[in-house]
């Protein structure tokens with residue numbers, strides 16, 4: 001997952017609204033959201049069929065979890081195939097009863113257990129990002145009343161035209177966007193035939209020369225009295241969200 005937009009207590013009745021794109025190798029196998037059970041707890045999430053983890057989900061305890069990789073362009077960092085899958089972190093957090101417990105689990109694993117990441121966590125009372133450059137863990141509260149942008153280049157990892165564009169676009173939220181309006185925002189991209197690297201500044205990434213791009217999109221609304229979850233299992237400019245809320249257990 002490479003772009004997470006998280007509106008925390010921005011609109012009446014919505015504790016959290018999430019619009020997210022997953023960017024990944026085009027041939028990496030994955031499957032759509034389904035109900036999982038692990039360590040006696042249930043949650044709803046898609047699955048990476050290579051490492052067995054996930055990148056976004058909501059638990060029956062009311063914990064939202066989303067992850068992005070962290071770019072290694074912003075200072076000392078490390079990438080190692082010997083480290084634990086970052087998708088496992090999402091499962092660890094989704095089996096926690098709340099955000100403080102999920103944060104404690106990440107801290108206990110330490111920064112060197114995983115390659116660099118940003119992990120966003122929201123429940124009814126807490127909202128935070130914990131991130132690692134591979135050597136040190138950092139934590140930040142997600143302040144209420146704002147739409148937060150988290151991508152692989154956030155928190156000083158690297159410069160990002162994508163992050164800058166989204167922050168400008170979402171600086172004055174106004175009325176709550178519809179699911180379709182979020183999809184349109186997630187579809188934003190330019191033409192980069194002459195410079196594939198520039199495509200990474202798009203919200204919807206498409207780099208067929210490198211076998212990489214936006215693979216799927218997710219929209220989540222955690223209200224005070226209910227949950228809505230929708231998915232699009234292809235790039236957001238190639239379809240519409242399918243809402244699958246009825247399949248999700250909710251506290």
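The values are calculated or read from the model by the stated rules, or taken from the named source; none is laboratory data. All values derive from a computational prediction rather than experimental measurement. Positions of Cβ are backbone-derived with ideal geometry, glycine not excepted, and every protein chain shown enters the neighbour counts.
Here are the numbers for the structure shown:
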quantity: Qualifying residue in segment 36-44 (condition: buried (at least 24 other Cβ atoms within 10 Å of the Cβ), in a strand (DSSP E or B), in contact (Cβ under 8 Å) with a residue 24 or more places away in the chain and under 13 Å from the mean Cα position of the chain (by Cα)); calculated: no
quantity: Some residue of segment 72-80 being surrounded by 17 or more Cβ atoms within 10 Å (Cβ to Cβ), at pLDDT below 95 and farther than 28 Å from residue 174 by Cβ; calculated: yes
quantity: Residues satisfying the stated conditions in segment 233-242, i.e. within 18 Å of residue 31 (Cβ to Cβ) and either buried (at least 22 other Cβ atoms within 10 Å of the Cβ) or touching a residue at least 40 places away in the same chain (Cβ under 8 Å) (or both); calculated: 233, 235, 241
quantity: Members of segment 99-144 found to be in a strand (DSSP E or B), closer than 17 Å to residue 61 by Cα and in contact with a helix residue (DSSP H, G or I) (Cβ under 8 Å, 6 or more places away or on another chain), listed by number; calculated: 121, 122, 127, 128
quantity: Members of segment 160-189 that are in a loop (DSSP other than H, G, I, E, B) and loosely packed, with under 13 Cβ neighbours inside 10 Å; calculated: 171, 172, 174, 175, 178
quantity: Qualifying residue in segment 209-232 (condition: free of Cβ contacts under 8 Å to residues at least 24 places away in the same chain and within 24 Å of residue 140 (Cβ to Cβ)); calculated: no
quantity: Test: residue in segment 75-95 that is under 24 Å from residue 28 (Cα atoms) and in a strand (DSSP E or B); calculated: yes
quantity: Identity of the residue in segment 207-251, more than 26 Å from residue 10 (Cα to Cα) and assigned to a strand (DSSP E or B), that ends up farthest from the chain's Cα centre (by Cα); calculated: 207
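So that you can scan it fast, the table gives a plain yes or no per residue for (1) modelled with pLDDT of 95 or more; (2) closer than 23 Å to residue 232 by Cβ; (3) surrounded by fewer than 24 Cβ atoms within 10 Å (Cβ to Cβ):
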position: 4; (1), (2), (3): yes, yes, no
position: 9; (1), (2), (3): yes, no, yes
position: 17; (1), (2), (3): yes, yes, no
position: 21; (1), (2), (3): yes, yes, no
position: 54; (1), (2), (3): yes, yes, no
position: 58; (1), (2), (3): yes, yes, no
position: 67; (1), (2), (3): yes, yes, no
position: 83; (1), (2), (3): no, no, yes
